[in-house]
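Taking it in order: structure first as structure tokens, then the write-up.
The values are calculated or read from the model by the stated rules, or taken from the named source; none is laboratory data. Because the structure is predicted, anything quoted here is derived from the model rather than measured. Glycine gets a Cβ as well: all are built from the backbone with ideal geometry, and neighbour counts include every protein chain shown. In case anyone asks, the SASA skips ligands and DNA or RNA and just uses the protein heavy atoms, side chains included. Shrake-Rupley method; radii C 1.70, N 1.55, O 1.52, S 1.80 Å.
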Amino acid sequence: MTVIFGIAAGLALVGALGVVLSQRTLYSALSLVVNMVSLAVLFLLLDAQFLAAVQIIVYAGAVMVLFVFIIALLSPGAEERVHPLEVRLLLGGLAAVVFTLVIGRLTLNGITVAGNGRLHGGLGPFAPTVVNAHGQVQTLGEQLFTTYLLPFEVTSLLLLVAAVGAVYLSKRRRPLL
Amino acid sequence: MNPTFTLVLAAIVLGLPTAGFLVNALTFGKLPKAVVAWMGPGVVLGSFVAAVVALVAMMSRPPSDRGITIVFWHWLNASVGSGGGVAAQAGLNANFSVRIDPLSVLMMLVITGIGGLIHVYSVGYMDHDRSFNRFFAYMNLFVTSMLVLVMSNTLVFLIIGWAMVAFASYALIAFWYERKSAVVAGRKAFVTQVIGDVGLVLAAFLIFLNLRGPSGRLLHTVNMQTIFDNVGPGAHFHQGLGPVGGGMVTAIGILLFLGAAAKSAQWPLHTWLPDAMEGPTPVSALIHAATMVTAGVYLVARFHPIYQQAPIAASLVAAIGIGTALMAGFIGCTQYDIKRVIAYSTMSQIGLMIFAVGVGAYSAGMFQLVAHACFKALLFLAAGNVIHAINDEQDIRAMGGLSQRMKWTFACFTVGALALSGIPFFAGFFSKEELLSNGLALGPAVPWLWLVGVTVNVLTSFYIFRVVWVAFKGEPRSEAAAHAHEAPPVMLIPVVVLAGLAAVVGFLNIDFAGFAPVTGFTSFLRPVLGVPSHQPSDLVGGLALLAGVVLSLGGVGIVWAVYGKAVISRELVPRRLPWLYQLSYNRCYWDELYDYTLVRPVAALARGVRTILEPDVVDAAVAGVRDAIATLADDFRTFQTGFLKDYALVFFFFALVGLVVLGLRLT
Amino acid sequence: MSGMFPGFLILSAALFAIGAVGVLVRRNPLVVFMSIELMLNAANLALITYARYTDTMAGQIFALFVIAVAASEVVVGLALITGVYRSGRRLDLDELSEMSE
């Protein structure tokens, strides 16, 4: 398991760096696909099978296809070169390292305090054995349509608004800016 | 009583004037005058018919079944428990519910009946006014507000009605807003009313906070029937509003009376009423004689369970009532404005009613209220005829000789004067006899309070017959008076109807043995007001009757001697007792006193605030804040580069700083 | 497994930080958008990790909502980028600085 985690985590990091550092936009997009598939594997490790599937279908599938489609449509090409010694990149990288260290320190500390390093805090009723015996999708669906019904409905409204907004923005009326 | 049927009736009674007001107001004067002339009085008379039907329906029931509470809609419902029963009554539940019982039906009849007649009269009186529609909109609004006041079963809507009435009164006093005096008078009335409102609202708060149920639990209710039920015997410390005569119940009684005094123009909140005569005469008749000013009497009668627990407050009420009655009668004797004489008369008569309800003679007070509504509306409307006939002149010295030219008006005015004076067999005779004999039997400081009450009779008949003599008899003293004409039928018929009422309404209180179900006024109100604790004996009653009549006739006799036969010189009092005359003529200097002790200091304070505090402190502070913000904004504007990444960089940078700080604190 | 648990969270933080750097460094709006997706995904990873840790469902549900929101954001964002491109401008964030005016 540790091996799988190591491979997936490494691929995720490589993908993420690829997004940021690639010179071609299309390479960035493909790196993002790698990152997302790796994340789906990590979700499986965390007993979130349904979300892993959603990650593949929605992100790696729909969203990324949309990205690639737009890239193909606009064909920006390699017009931007990220120099490895650019000041902003160096500063940004430094900040990223500091951020990760701080979070890591906090996390280790928090875990030690709250759960003695165990994976199961055992705080809620949905232990993986219970959920998997019951059915991942069923448990999630029950929660979604009872406790989280209102956010769910609001989300559906949000999607509708987004669709309407996208149609409105894409209409060829006059230049946007 | 049948709840559904009563609900429909109450909805009609309240709804018709409301609809009249809304239609009239929302058309912004665009409605044709003919439509308004029919609609304005029509809705009030329709309401009257519904009230009569309610009365008939009520009389067909046994006395124990004559009260019903109808909930129109629920509002601010935070009551504890659900369903019926006592539990549901506890807690705030300010639903719009009305109480239909003999007392409220009586008030409804007075308001819509006399109000309807005055509306009819107004069609003629306001005929030439360019704000005809506005006038009827206000009048209908007033009737609505007054009905809300007397019908409401919760303190909340009682207060709403109370305040709406004050607003309608203000709007009608200042109706001719081009006249500065009218606007000032309206403002004075309104401000005085608000002082009373404060008293009423505070009383309501105290009741809400302190009323306890039988189990000693705080009820927190605004339902008036619940309040009256629980104030009840109240002998136990943990029930109702505390023990009889306790501080709480006394405070509530006094605060309630503050509201009543402002509304009913009782000392020390009386000075607005004479000024209110700036309004059109029908307004004076309806609001400042027949209905609104008697709301204080209604209030004390309605809250009599509280006053029965608060003897000190009740005695105060009685004393102020009788004092106001005497003072107003005294002032009325020397005024020359015909409407002001009647206004002081109103104040005086209401003082008697307040005296009656203060000593516990509730039904006697209410009876005087009804009789007074009839004859005082009559007097005002007849005076309105006179004023209308002589080009809006109100000074009685400019009248004279009108009895020949305005025979009907003269006759009706005289009937009103007789009724007011308590001359036998007119309305005022019965009501005052009842009032004074009950007062004698119940009065806490018998007999001197009673003696004062009887003395008022002399003053009453003196000032009103003085008007009769000076205005209607003798020779015309002005060009206009010489060419006066009788009023048109639309103004005369209501006056004649009121004269008929003033002549016969007193007989209502006689217990006609065979006349069931109408068995007299007192027994009609008994389900609500109970019976007085002491009944006057026949001897006391007879003595009171005799003294009252003799003194009233004495007053008429003095007028006859002074103004008719000139046996006594008119200059007798002004010359021999100039201070007394000046005291009366200058209205006991109350206006001046308030002017010097309240109005001027407040105005001076306001000027001081305006010249010192405002520019140097308030304005300076505001300007300082403004300048500081402008400087800061100028400084910060340089951050706004317009590059998205700069904003993102700043955002991330500070997020990182926050995280690092958090991390340092946690580790 | 227990030792891996902080690993998930640190990975999440690292992905988030890389995404943030992308937002700050890159000038192509499409790449900036992808970086934002990266950051959202990092947050999702943290949410699901904590859902597993506490044996509750809330984290997973929120991750689901985040995916929905991200999808709508991409739809609108890409429509905006298309609009900008159509107006004849170069797709360069440093040149799109009308906010200062």
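Of note:
- Computed FRET value (nearest 0.05) for residue B:648 with residue A:147, which takes r as the C-beta separation and R₀ as 45 Å: 0.80
- With N the number of residues in the protein assembly as shown, Rg(Cα) / (2.2 N^0.38 Å) evaluates to 1.43.
- The solvent-accessible area of residue B:201, taken with every protein chain present and a 1.4 Å probe, is close to 40 Å².
- Rg/Rh for segment C:4-86 (Cα atoms only, Rh after Kirkwood) is 1.07.
- Placing pseudo-labels 7 Å out from each Cα toward the beta carbon at residue A:68 and residue B:546 gives an inter-label distance of 12.2 nm.
- Rg/Rh (Cα only; Kirkwood hydrodynamic radius) as it applies to segment A:128-177: 1.35
- In degrees, nearest ten, helix B:448-467 long axis to first principal axis of chain B (Cα): 70 degrees
- FRET efficiency, residue B:595 to residue B:33 (Cβ-Cβ, R0 45 Å, nearest 0.05): 0.60
- Assuming charge only on the beta carbon of Lys and Arg (+1) and of Asp and Glu (-1), the dipole of the protein assembly as shown about its Cα centre is about 740 debye to the nearest 20.
- Annotation for segment B:1-82: trypsin sites (Lys or Arg not before Pro) lying in DSSP loop with at most 11 further Cβ atoms inside 10 Å of their Cβ are B:30.
- Whole-angstrom gap from segment B:279-322 to segment C:30-78, using each part's C-alpha centre: 72 Å
- Of all lysines in the structure, the ones whose alpha carbon falls short of 26 Å from that of residue B:339, not counting any fewer than 8 places away in one chain, are B:180, B:188, B:263, B:376, B:407, B:432, B:473, B:565.
- Heavy atoms of the protein chains alone define the surface here; on that basis segment B:553-665 has 76 Å² accessible area per residue at 1.4 Å probe size.
- Charge dipole (Cα centre; +1 on Lys/Arg Cβ, -1 on Asp/Glu Cβ; no other charges) of chain B amounts to roughly 320 debye.
- D_trans [Stokes-Einstein, Kirkwood Rh over alpha-carbon pairs] for segment B:1-148, 20 °C, 1.002 mPa s, µm² s⁻¹: 129 µm²/s
- Sites residue B:217 and residue B:404, calculated FRET efficiency, Cβ-Cβ separation with R0 51 Å, nearest 0.05: 0.10
- Value of [θ]222 nm, deg cm²/dmol, for chain B, DSSP H segments ≥ 4, -39500 (n - 2.57) each, nearest 500: -21500 deg cm²/dmol
- Residue list for segment B:147-181, given a label point 7 angstrom along the Cα-to-Cβ vector of residue B:19 and an amide N cut-off under 18 Å: B:147-148
- Segment residue B:576-residue B:56, length gained on full extension (0.36 nm per residue, minus Cα span): 181.4 nm
- In range of the label at residue B:12: residues from segment B:34-50 whose backbone nitrogen is under 13 Å from the point 7 Å along Cα→Cβ: B:43-50
- The ellipsoid equivalent to the alpha-carbon distribution of segment C:1-49 has semi-axes of 25, 9, 5 angstrom, derived from the gyration tensor eigenvalues as √(5λ) and listed largest first.
- Solution diffusion estimate, µm²/s, Stokes-Einstein, chain B, Kirkwood Rh from C-alpha pairs, 25 °C, viscosity 0.890 mPa s: 91 µm²/s
- Based on C-alpha pairs under 8 angstrom that are at least 6 apart in sequence, chain B has a relative contact order of 11 percent.
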